[in-house]
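**Student:** Here it is, the structure, as structure tokens.
The values are calculated or read from the model by the stated rules, or taken from the named source; none is laboratory data. Note that the structure is predicted; figures quoted are calculated from it, not measured. Here Cβ is always computed from backbone atoms with ideal geometry, including for glycine, and neighbour counts include all displayed protein chains.
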Ligand code: 5AD
Ligand code: SF4
């Protein structure tokens, strides 16, 4: 069967879709080149905000027309929404053939086979706190960057977040498995690896913690760049910071979710740190690694957030000057603690606060990008620029898209570039020399 996976949500889902393709590939299923060719369409879904769920439900409904024309085609839902809603998804849309939760992906071949034989709806959403999908090497679909999952699940129970309920408890993959996968992707030509987990700094396998894992990945010669997402501020230790600084392949960039700049809100969010702690780690990271880029997530309109508390977040963003911030309007998730708080902020206020944060960050990002003018960066060239075939585009170590005059033979190479301008959220540069290719 030809399988097409449509992926929503975080990078964990992108990695899981690659894992699912590898599980299905073992049973002779292949990836469909486009959705038009698919015998099976799988939606890998996200439950973090209601908007994400609504979008997928809309997409699934839209695909029912195709199903009517192609009656043998199967439609499945996997990921957080499958875990959260299970059978209910089938009640919402009878055209869905299977719903498979995040710990049951190994069953997918059998489920698809069963559906081919008889036409019943199947659901598999049992939680398995031990499932780490060992001995499975995902089909890495990126061109140059490979995502490698190092841990799954989350124990933090931030009061707004559905993830601990959909993805279950933290579990780390064996260190040798991870190193083997990194070696393998390196040999296949991916020079840039991103270690993935809901909270990577909680990684722990036998006597190996996250800094030690970083040191070991840093020794793999085929890899040139190492990134990781996501880090929790409460677990970001001095040891991790000094390890990042001493491992030359670890890039000068971290994504660390601040969520709010107000201590009372952080407490109600159950985040386990104060704003002062966050400021402290931001300062330490920037001191340890010159040119360090910091990106974050922020929630506007968390229950009980007053205008004053909102302004604390606003001022925090002004003070810290993130290179980029993903800003979200609080979305109540049934079953989480915060959804039951009685002081929900009206939707219009949440939206208006979000808008102010977006505008603020746009200015900061543009300013920070313009400040890069005159600096020299190493760019990993990924593609010919969308706007001109005389230009190529790639990313810097500090995770900034950079475009400069060049031809397609530079793709896959590391090039030293002088930054001459910033347009929107893109740096413009001119090539100095190829450094590695
Ligand atoms: N409402 C809004 N944003 C949320 N996030 C997680 N849960 C919610 C929610 N209920 C955001 C957080 C997290 C990011 C992945 O999504 O900022 O870091
Ligand atoms: Fe959700 Fe908090 Fe866990 Fe992140 S750390 S996945 S925000 S509960």
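**Student:** With (1) at pLDDT 95 or above; (2) buried (at least 18 other Cβ atoms within 10 Å of the Cβ) as the list, and residue 132 as the residue in question, which single condition is left unmet?
**Tutor:** (1)
**Student:** Residue 90 versus (1) over 14 Å from residue 42 (Cβ atoms); (2) assigned to a loop (DSSP other than H, G, I, E, B); (3) more than 23 Å from the chain's Cα centre (by Cα); (4) touching a residue at least 12 places away in the same chain (Cβ under 8 Å): which is the lone unmet condition?
**Tutor:** (2)
**Student:** Same structure again: May I ask you to say which residue of 53, 63 is more than 26 Å from residue 133 (Cβ to Cβ) and surrounded by 15 or more Cβ atoms within 10 Å (Cβ to Cβ)?
**Tutor:** Answer to the check: 63.
**Student:** Can you name every residue in region 246-281 that is assigned to a strand (DSSP E or B) and either within 25 Å of residue 351 (Cβ to Cβ) or within 16 Å of ligand 1 (Cβ to nearest atom) (or both)? First the steps, then the outcome.
**Tutor:** Within region 246-281, the first condition is being assigned to a strand (DSSP E or B), and the residues that meet it are 250, 253-256, 259.
Selection gives 254, 255, 256, 259.
**Student:** To continue, here is another question. Hey, residue 239 hits all of (1) closer than 26 Å to residue 164 by Cβ; (2) over 23 Å from the mean Cα position of the chain (by Cα); (3) not assigned by TED's automatic domain parsing to the domain that holds residue 193 but one; which does it fall short on?
**Tutor:** Failing condition for residue 239: (3).
**Student:** Can you work out which of the residues in region 326-344 that are assigned to a loop (DSSP other than H, G, I, E, B), over 20 Å from the mean Cα position of the chain (by Cα) and under 24 Å from residue 166 (Cβ atoms) is farthest from ligand 2 (Cβ to nearest atom)?
**Tutor:** Step one: list which residues in region 326-344 are assigned to a loop (DSSP other than H, G, I, E, B), which gives 330-337, 341-344.
Cutting the leftovers down to over 20 Å from the mean Cα position of the chain (by Cα) gives us 332, 334-337, 341-344.
Next cut, under 24 Å from residue 166 (Cβ atoms) only: 332, 334-337, 341, 344.
Working: 332: 14, 334: 15, 335: 13, 336: 9, 337: 11, 341: 16, 344: 19 Å.
My answer is 344.
Residue-by-condition table, conditions (1) within 16 Å of ligand 2 (Cβ to nearest atom); (2) surrounded by fewer than 17 Cβ atoms within 10 Å (Cβ to Cβ):
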| site | (1), (2) |
| --- | --- |
| 146 | no, no |
| 152 | yes, no |
| 156 | yes, no |
| 161 | yes, no |
| 170 | yes, no |
| 180 | no, yes |
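**Student:** Residue by residue through region 353-378, note down the ones that are part of a helix (DSSP H, G or I) and touching a residue at least 60 places away in the same chain (Cβ under 8 Å).
**Tutor:** Of everything in region 353-378, just one residue is part of a helix (DSSP H, G or I) and touching a residue at least 60 places away in the same chain (Cβ under 8 Å), namely 365.
**Student:** So, of the residues in region 67-87 that are assigned to a helix (DSSP H, G or I) and free of Cβ contacts under 8 Å to residues at least 12 places away in the same chain, which turns out to be surrounded by the most Cβ atoms within 10 Å (Cβ to Cβ)? Steps first, answer last, please.
**Tutor:** Step one: filter region 67-87 for residues assigned to a helix (DSSP H, G or I), giving 67-69, 80-85.
Next, from what is left, pick out any that are free of Cβ contacts under 8 Å to residues at least 12 places away in the same chain: 68-69.
Details: 68: 10, 69: 7.
Checked region 67-87; the qualifying residue surrounded by the most Cβ atoms within 10 Å (Cβ to Cβ) is 68.
**Student:** In this structure, is residue 106 surrounded by fewer than 19 Cβ atoms within 10 Å (Cβ to Cβ), within 24 Å of the chain's Cα centre (by Cα), more than 16 Å from ligand 2 (Cβ to nearest atom) and more than 27 Å from residue 297 (Cβ to Cβ)?
**Tutor:** Answer is yes for this residue.
**Student:** Taking residue 235 as meeting all but one of (1) surrounded by fewer than 18 Cβ atoms within 10 Å (Cβ to Cβ); (2) modelled with pLDDT of 95 or more; (3) within 16 Å of ligand 2 (Cβ to nearest atom), write down the number of the exception.
**Tutor:** Result: residue 235 fails condition (2) only.
**Student:** Also, quick follow-up: Here are some conditions: (1) in contact (Cβ under 8 Å) with a residue 60 or more places away in the chain; (2) loosely packed, with under 15 Cβ neighbours inside 10 Å; (3) within 14 Å of ligand 1 (Cβ to nearest atom). Residue 291 meets all but one. Which one does it not meet?
**Tutor:** The number of the failed condition is (3).
**Student:** Okay, next question. Taking residue 343, is it surrounded by fewer than 17 Cβ atoms within 10 Å (Cβ to Cβ), closer than 24 Å to residue 255 by Cα, outside the structural domain of residue 425 (by TED's automatic domain parsing) and out of contact with any strand residue (DSSP E or B) (no Cβ under 6 Å at 6 or more places or on another chain)?
**Tutor:** Here the answer is no, as residue 343 does not meet what is asked.
**Student:** Quick check, is residue 437 at pLDDT below 95 and closer than 23 Å to residue 193 by Cα?
**Tutor:** yes
**Student:** Now a separate question. Quick check on my filter: what residues within region 200-215 are in contact with a helix residue (DSSP H, G or I) (Cβ under 7 Å, 6 or more places away or on another chain) and within 16 Å of ligand 2 (Cβ to nearest atom)?
**Tutor:** Those that are in contact with a helix residue (DSSP H, G or I) (Cβ under 7 Å, 6 or more places away or on another chain) and within 16 Å of ligand 2 (Cβ to nearest atom): 200, 201, 202, 203, 210.
**Student:** May I pose another question? Filter region 282-325 down to the residues that are part of a strand (DSSP E or B) and touching a helix residue (DSSP H, G or I) at 6+ places or on another chain (Cβ under 9 Å) and list them by number. Give the derivation first.
**Tutor:** To start, the set of residues in region 282-325 that are part of a strand (DSSP E or B) comprises 293-300, 324-325.
The answer is 293, 294, 296, 298, 299, 300, 324, 325.
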